[in-house]
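Single-structure report; data block below.
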Amino acid sequence: MMMPEDLRTISMFDWLENDLLFTIAACAPASSDASFRRYFRVSTSGGCMNAGRIASDQLSEQSLAAAGQQFIVMDAPPAKENIEPFIRIAKLLTQHQINVPTIFQQNLTDGFLLLEDFGNQCFLDQLNETTVDELYQTALDSLFKLQTQVSVQNAGLPSYDEALLHRELAIFDEWFLTELLDVQIPISVWERVRTLLTASALEQPHAFVHRDYHSRNLMVLASDSPGIIDFQDAVIGPITYDLVSLLRDCYIDWPEQQVEQWRLNYFERLRQAGLITCSPAQFKRWFDLMGMQRHLKAIGIFSRLHLRDGKSNYLADIPRTLNYVTTVCAAYPELAEFNAFLQEQVLPALSLAEV
């Protein structure tokens, strides 16, 4: 795969070769991202690191050598992305034995991080009817660890508050309804949806929330799998958020009966751990409405990626994600008006848009 030639990659190579004294044997794009971040897989054929640029945890030469000579470089343009939360949350999660990439080097001025390489096999690449139970069990185990071990009070993370919930929902209205489909939702209908989803989210017990805990951000590893990536937007918020993100994934779906069993099993784990005291029915309602909040936001983001950023491959995930929304709407009488709006105006407009 050809490397993109631009000022950022020139700056990245300058950092790797002149500051870190690496001899680069190979470098190629490692993955795409729904933000302005890019990732490159870098192989080295020798060289050493400048001790003056060692990351804050002061890794030894021996530990670096043990990690091998293949790394991931995160390219996060400072004008567009702030890498400080990634560094801070990586440290927090590592302290709790959550498997996130080791940060070997950091360049805050230019927006580069040198990371442990978790390989190129994410859950989405490996998931099928044969592997799903085992893979999801490891993902649910890691999620349970996140929710039981990371302190809500002392994590130093922002709150998933009403303002954030409303900003996320606004992405659906602005980018999907207005910009992509040129459809206007009645203000009264939209306000009832916002009020319902916000109230449901805020009344839940709080826990660490990754915010993108799904099949593309969970890496299949030979040991201590999964490796967890893309956690920089973590907050303290509703306890069902990451669970529904995993089980009703925007990129792959499973039979509802299977999802129901996973949800019930996880509910029991949370109940026994004392993290929740609600009924199974209440937990299901939280789960359904939290999923709807997330899926509306995701549909808006997929539309924005297409229209603003030229990343049109995400359009293919809108029908699956919207299907989650209409299924939940059909199950709750208080969403009947919104469901009618989706059925009568949105779905026909989406069909014409050839998404």
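The values are calculated or read from the model by the stated rules, or taken from the named source; none is laboratory data. In this text the structure is predicted, and so the values were computed from the model without any measurement. Cβ placement follows ideal geometry from the backbone for every residue including glycine, while neighbour counts extend to all protein chains displayed.
Some values worked out for this structure:
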item	result
Number of positions in the range 170-203 that are part of a helix (DSSP H, G or I), closer than 15 Å to Leu342 by Cα and of a type in the set (A, V, I, L, M, F, W, C)	8
Condition met for Ile89 (assigned to a helix (DSSP H, G or I), touching a Phe, Trp or Tyr at 6+ places or on another chain (Cβ under 6 Å) and not assigned by TED's automatic domain parsing to the domain that holds Ser225)	yes
Test: residue in the range 281-299 that is farther than 28 Å from Pro158 by Cα and assigned to a helix (DSSP H, G or I)	yes
From the options Arg38, Arg53, residue that is surrounded by 14 or more Cβ atoms within 10 Å (Cβ to Cβ) and at pLDDT 90 or above	Arg38
The range 72-86: number of residues that are more than 10 Å from Phe112 (Cα to Cα) and either at pLDDT below 90 or in a loop (DSSP other than H, G, I, E, B) (or both)	4
Single residue of Glu134, Glu203, Glu162 found to be surrounded by 13 or more Cβ atoms within 10 Å (Cβ to Cβ), among the charged types (D, E, K, R) and at pLDDT 95 or above	Glu162
So Glu344, is it of a type in the set (D, E, K, R), in contact with a Ser or Thr (Cβ under 9 Å, 6 or more places away or on another chain) and assigned by TED's automatic domain parsing to the domain that holds Ser303	no
Residue list for the range 118-160, restricted to those being touching a Gly at 6+ places or on another chain (Cβ under 9 Å) and either without any contact (Cβ under 8 Å) to a residue 60 or more places away in the chain or of a type in the set (Gly, Ala, Ser) (or both)	Gly119, Ser159
The lone exception for Asp224 - which of (1) loosely packed, with under 15 Cβ neighbours inside 10 Å; (2) part of a helix (DSSP H, G or I) it fails	(2)
